[in-house]
Amino acid sequence: MTQLAIWRCLRYFAERTFQDARSEAGWDELVARKYRAWMHHTALDALALWFIAETKLDWKQLYPHDPELVQELELAVLPALSMSNIRELLKAVLPLEQLSPEQAQRLVIKSTASRLRKQQSSTAPT
């Protein structure tokens, strides 16, 4: 009986990850053609959701709600950080370098050539 309870608990957290990924991280928009791609994407979603949960918890502990803000917004309780809030925070602290069209083209050509070499070497007769 205890083994069944353990399996059920493990299944709950896997399903919870899928639900959160669909609603928070846009997982429902994924179009994966192969199982391995789906597994990689799901693992990255789980890591992103873990990062979001940790960030929400840290933020709540480090920055208590301002009572004046609660009154200004006319709310009983301020909501927790949202996915959008965290995305904006990351944009502020991790600015991405912008690629020129030529740099982007070289990057795509390089990755495509690498992928094609791998495909050719895996299908080559030995």
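Here the contact order of the range 8-117, divided by its residue count and restricted to Cα pairs under 8 Å and six or more residues apart, works out to 20 percent. On the beta carbon distance between Arg16 and Met83, with R0 = 25 Å, the FRET formula returns roughly 0.95. Dividing the summed -39500 (n - 2.57) terms of all DSSP H runs of n ≥ 4 by the residue count of the chain sets its mean residue ellipticity at 222 nm at -25000 deg cm²/dmol. How about Lys118: which lysines have a C-alpha closer than 29 Å to its C-alpha, ignoring those fewer than 8 places off in the same chain? Correct list for Lys118: Lys34, Lys110.
A straight chain from Ser121 to Lys91 at 0.36 nm per residue would run longer than the Cα-Cα distance by 6.9 nm. Compared with the alpha-carbon gap, the fully stretched path from Ser23 to Trp7 is longer by 3.3 nm at 0.36 nm per residue.
Full extension of the chain between Leu99 and His65 gives 8.3 nm of extra length, using 0.36 nm per residue less the Cα-Cα distance. Think of the chain as having a plus end and a minus end, set by charges on the Cβ of Lys, Arg, Asp and Glu; of Leu81, Met39, Trp50, Met39 sits farthest toward the positive end of this dipole.
Every read-out reported here was derived from the displayed coordinates using simple, explicitly stated rules and does not represent laboratory data. The model shown is predicted, which means the values in this text are computed figures rather than measured ones. All Cβ positions, even for glycine, are placed from backbone atoms using ideal geometry, and neighbour counts span all protein chains on display.
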